[in-house]
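Once you've had a glance at the structure underneath, I'll fire off some questions.
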Amino acid sequence: MAVPAQRFVQVYENGGVFLLDEIDAADANVMVAINAALANGVLANPNGKVHVRHDKCFILAAANTWGERRQPVRRRTSLTRPRWTASCCPP
């Protein structure tokens, strides 16, 4: 089930936790927007509204791979990898 973009904006502005599941399969345009929001502390909507990141906003991401299953995924992951800390859970 897809989560509306408004929920991401709510967490971004008001604080909370947001999980980006299967980030390694995300559309490149979505990753550009998320990468910019995490790097700059602001999120600009296409309508011109600017949202400022709350200091208690935590964005988590989950992936089934390290971004190495297809070339386009690897390219996107390498651009966003510096924004994340990897952690593995033992089986």
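Peptides 26-32, 12-18: what's the order by average Cβ count within 10 Å, highest mean first?
Details: 26-32: 12.7, 12-18: 14.4.
The most tightly packed comes first, giving 12-18, 26-32.
Sticking with this structure for a sec: Ranked from highest to lowest mean number of other Cβ atoms within 10 Å per residue, what is the order of the peptides 53-61, 38-46?
Details: 53-61: 14.2, 38-46: 12.7.
Order by mean packing, descending: 53-61, 38-46.
Then there's this: For a bin width of 10 Å, list the pair-distance distribution of segment 1-65 built from all Cα-Cα distances, rounded to whole %.
Each 10 Å bin holds this share of Cα pairs: 20, 58, 21, 1.
Here's something else I'd like to know. Per 0.36 nm of contour for each residue apart, how much would the distance between N40 and D21 grow if the chain were fully extended, relative to their Cα-Cα spacing?
In short, 4.7 nm is gained.
FYI, it's all coordinate maths here, none of it is from the lab. Quick caveat: nothing in here was measured; it's all calculated off a predicted structure. With ideal geometry, Cβ positions are generated from the backbone for all residues, glycine too; neighbour counts draw on all protein chains shown.
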